[in-house]
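Just below is one structure, and these are the notes that go with it.
The values are calculated or read from the model by the stated rules, or taken from the named source; none is laboratory data. Please read these numbers as outputs of a predicted model, since none were measured by experiment. Don't worry about glycine lacking a Cβ; one is built from the backbone with ideal geometry, like all the others, and counts go over all protein chains shown.
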Amino acid sequence: MDVNKLTEQFHLDGFIIAKKVFTVDEVNRIDEALTAHITNFAATLCAGDIFYEPDGKTIKSMFRLDRRDKFFADLTQDPRQLGLAKAIYPSEPMESTYMTYFGKAAGDGTPAPPHQDNGFALWEPPLGMNISIAIDPHTLNNAAMRCNRGSHRLGLLDHTSSGVPGFSQKLAASIDESLYPAVACLMEPGDLMVHHINTVHFSGANRSTQSRRMLTTGYWSSRVKRDEVRYAVIQAERLRLHGGVADVK
Ligand SMILES: O=C(O)CCC(=O)C(=O)O
């Protein structure tokens with residue numbers, strides 16, 4: 001991984017793909033740990049910490065894996081992830097927030113509306129990113145996530161309630177895709193996708209026969225401050241939408 005080149009591209013485009021960062025064996029171990037985690041914890045999680053597809057059975061997303069499981073806590077500190085975050089903001093005290101599983105299941109993975117992660121986190125200054133490890137191939141067929149190139153430079157945009165469980169906020173108005181083109185983040189298992197917290201991103205439905213799973217960890221500078229007033233409004237909306245724990249998406 002050419003960290004200098006990736007860092008430069010991250011600041012320019014607001015997202016990057018780093019190829020072949022984790023080996024096939026490592027991805028297999030992650031997959032096994034994920035299966036065990038789901039077996040051990042899924043049934044015990046509150047609304048808001050786990051979301052299901054409309055069938056009520058298939059996991060759409062699951063939050064805070066690292067808080068329950070040392071394997072995933074260690075993975076958030078892996079030097080390939082944390083090191084990349086530190087290389088991107090070398091003068092900032094970079095820390096991990098929490099790890100999320102995005103399932104995008106074969107056949108019934110529902111769309112993610114256009115949003116900025118900072119539309120949920122509300123950090124100022126916006127010194128943060130999400131780093132995702134691909135567990136499956138991410139292709140045009142299975143609804144690879146799309147990032148709007150350069151949209152991180154728009155600053156924090158207005159968001160509004162989406163009504164979508166697991167993605168409670170969406171952009172209030174669409175952005176000009178002729179200026180900020182949507183690029184599919186195509187990955188193989190073991191690749192990393194990194195996107196800035198102000199990069200607009202979204203995905204369609206997965207109607208293919210191939211799931212499109214990834215494990216995503218937030219990294220942020222611990223000196224950022226949250227807009228607590230706006231955050232309280234979003235929290236209230238999340239509680240209305242899904243109840244339970246209400247501090248994630
Ligand atoms: O799975 C998706 O398409 C959306 C994931 C997402 O919003 C994120 O990684 O921040």
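All conditions but one from (1) within 25 Å of ALA87 (Cα to Cα); (2) surrounded by fewer than 18 Cβ atoms within 10 Å (Cβ to Cβ); (3) among the small types (Gly, Ala, Ser) apply to SER132; the one that does not is (2). Residues in segment 176-203 that are of a type outside the set (A, V, I, L, M, F, W, C), within 13 Å of the ligand (Cβ to nearest atom) and in contact with a Phe, Trp or Tyr (Cβ under 8 Å, 6 or more places away or on another chain): HIS195, HIS196, THR199, HIS201. Residues that are over 21 Å from SER221 (Cα atoms) and in contact (Cβ under 8 Å) with a residue 12 or more places away in the chain: does segment 83-101 have at least one? Yes, that holds for at least one residue. Considering the conditions (1) in a loop (DSSP other than H, G, I, E, B); (2) touching a Ser or Thr at 6+ places or on another chain (Cβ under 7 Å); (3) modelled with pLDDT under 95, PHE51 is excluded by exactly one of them, (1).
If only residues of segment 96-113 that are within 10 Å of the ligand (Cβ to nearest atom) and not hydroxyl-bearing (Ser, Thr, Tyr) are counted, the one that is nearest to the chain's Cα centre (by Cα) is PHE102.
Residues that are within 24 Å of SER168 (Cβ to Cβ) and not in a helix (DSSP H, G or I) within segment 59-94 comprise ILE59, LYS60, SER61, MET62, PHE63, ARG64, listed in sequence order.
For (1) at positive phi; (2) modelled with pLDDT of 95 or more; (3) within 12 Å of the ligand (Cβ to nearest atom); (4) touching a helix residue (DSSP H, G or I) at 6+ places or on another chain (Cβ under 7 Å), each residue gets a yes or a no:
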position: MET129; (1), (2), (3), (4): no, yes, yes, yes
position: ALA134; (1), (2), (3), (4): no, yes, yes, no
position: CYS147; (1), (2), (3), (4): no, yes, yes, no
position: PHE167; (1), (2), (3), (4): no, no, yes, no
position: SER174; (1), (2), (3), (4): no, yes, no, no
position: ALA205; (1), (2), (3), (4): no, yes, yes, no
position: ARG213; (1), (2), (3), (4): no, yes, yes, no
position: ASP227; (1), (2), (3), (4): no, no, no, no
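With respect to the conditions (1) under 14 Å from the mean Cα position of the chain (by Cα); (2) assigned to a loop (DSSP other than H, G, I, E, B), ASN141 falls short on a single one, namely (1).
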